[in-house]
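Report on one structure; see the data block that follows.
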Amino acid sequence: MQKKNLGKTGWSVSIISFGAIKLPRISLKECEPLLNRALDSGINYIDTADCYGDSEEKIGQVLKKRRKEFYLSTKVDERDGPGVRAKLDRCLRRLQTEWIDLLFFHDVRGGEYERIFNTGGLEELLKAQKKGEITHLGISIHNNLTMMRQAVESGVFSVLMVAYSALDEDRLTADLLPLAASRGVGLVAMKPLAGGRLGNMPPRGWNKSLFQGESPAQIALRYVLSNPHITCAIPGMMALNELEENLRVGKTPRKLSAEEIKEFMAMAAEAGKGFCRNCGYCLPCPEGISIPDVFRYESYYRNYGLEGWAKEQYRVLTPDAQACSDCQTCLDRCPYGVSIPSNLKKAHNLLMGQ
Ligand code: SF4
Ligand code: SF4
């Protein structure tokens, strides 16, 4: 398995690492061979989050005896001191570990970035770091480039987790990723298959010989890893065949040819039509709806099996998608042809359980 340096952590991390977001969808018995095989095959970094159902508990139960063999990251949604401390205690308990290598402030958005600094969240994690409960701090931000830049420039975070796939074009790559790399901030790519959309591209028309017999998911991962600033991708995995498919990419690195990239990007653009990339270009909405957040919760519900968490998050979102007045302002701004008003209605009905 090829490994790369993860920014100022100095860790050498497997370029294919393990995204544990889908573990709640399988039994503990199924997790055992999957997680053990991942480590046996050279994966040395596992990423989870407090909000990923029972993912932390399963990792703790299966890998507690192998804890020194891998880097472990988890994430907290809280921003204030007491909330962060309570969540950290729960993470340590559920993961059955005495330390977490990398603790992320998860999915930071809106005014939350300032709250990390002003309401004690960061202070609490710095104390935990001194006590040896955490080694490094990270932050995951989904769509706010200005906030990503602020986080990189703050010098506080060792790692930035970004949603990055072949559907993201040059939104991140032009400016932000080189900046992060130059500041020693490690870059971890989440959602490298765009919520499964790239991995599930129909095999019809798939040019097997051009792509050297590899699958769309493998090419999508190679594409992400071809960015020199990205250290690793963390595709979500829940089956041994998925793991083997992903492992091949890490074990046999190769550069995609110009022809492969051209054809793959054309197929990706087709598969991505009408798919929300969470870029935020549609904002501001005159009704104040946070359009990308609505679609992201919908995706967590539909693609990652996080129905409960997605509903919880959506139900505190103010205003919710029902506030849409169908003014259509956002439609011209969306470069990806998302039918925003009608899709908002569908997302609302799904997330409100109607
Ligand atoms: S159509 Fe709806 S979501 Fe789009 S800008 Fe108007 S109110 Fe906002
Ligand atoms: S609806 Fe379109 S513009 Fe808005 S976040 Fe999604 S992809 Fe971007």
inquiry  = So in the stretch 315-352, with the set limited to residues that are in contact with a Lys or Arg (Cβ under 9 Å, 6 or more places away or on another chain) and open to solvent by 40 Å² or more (accessible area, probe 1.4 Å), which one is nearest to ligand 2 (Cβ to nearest atom)?
reply    = 335
ask   = Given the conditions (1) within 16 Å of ligand 1 (Cβ to nearest atom); (2) not assigned by TED's automatic domain parsing to the domain that holds residue 346, and given that residue 254 satisfies all but one, which numbered condition is not satisfied?
value = (1)
ask   = Which residues, taken from the stretch 227-247, are without any contact (Cβ under 8 Å) to a residue 60 or more places away in the chain and exposed (fewer than 14 other Cβ atoms within 10 Å of the Cβ)?
value = 228, 241, 244
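Residue-by-condition table, conditions (1) at pLDDT below 95; (2) surrounded by fewer than 18 Cβ atoms within 10 Å (Cβ to Cβ); (3) not in a loop (DSSP other than H, G, I, E, B):
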| position | (1), (2), (3) |
| --- | --- |
| 177 | yes, no, yes |
| 184 | no, yes, no |
| 203 | yes, yes, no |
| 207 | yes, yes, no |
| 255 | yes, yes, no |
| 268 | yes, no, yes |
| 281 | yes, yes, no |
remark   = Residue hits (the stretch 127-148; at pLDDT below 95, open to solvent by 10 Å² or more (accessible area, probe 1.4 Å) and part of a helix (DSSP H, G or I)) are 145, 146
Selected residue [in contact (Cβ under 8 Å) with a residue 40 or more places away in the chain and either of a type in the set (A, V, I, L, M) or more than 28 Å from residue 261 (Cα to Cα) (or both)] from 160, 176, 126, 193 = 193
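Need at least 3 residues that are more than 15 Å from residue 235 (Cβ to Cβ) and in contact (Cβ under 8 Å) with a residue 12 or more places away in the chain per element, so show me which strands (runs of 3 or more DSSP E) inside the stretch 1-106 make the cut, counting only ones lying wholly within it.
So the answer is 3-5, 71-76, 100-105.
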request  = For the stretch 283-314, name all the residues that are more than 12 Å from ligand 1 (Cβ to nearest atom), in contact with a helix residue (DSSP H, G or I) (Cβ under 6 Å, 6 or more places away or on another chain) and open to solvent by less than 40 Å² (accessible area, probe 1.4 Å).
outcome  = 297, 298, 300, 305, 306, 310, 313, 314
request  = Give the residues of the stretch 16-49 that are under 19 Å from the mean Cα position of the chain (by Cα) and open to solvent by 10 Å² or more (accessible area, probe 1.4 Å), sorted by residue number.
outcome  = 21, 22, 24, 25, 44
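The values are calculated or read from the model by the stated rules, or taken from the named source; none is laboratory data. Model, not experiment: these values are computed from the prediction. Note: ideal-geometry Cβ built from the backbone for every residue, glycine included; neighbour counts use all protein chains shown. Side chains included, ligands, DNA and RNA excluded: accessible areas come from the protein's heavy atoms. Shrake-Rupley method; radii C 1.70, N 1.55, O 1.52, S 1.80 Å.
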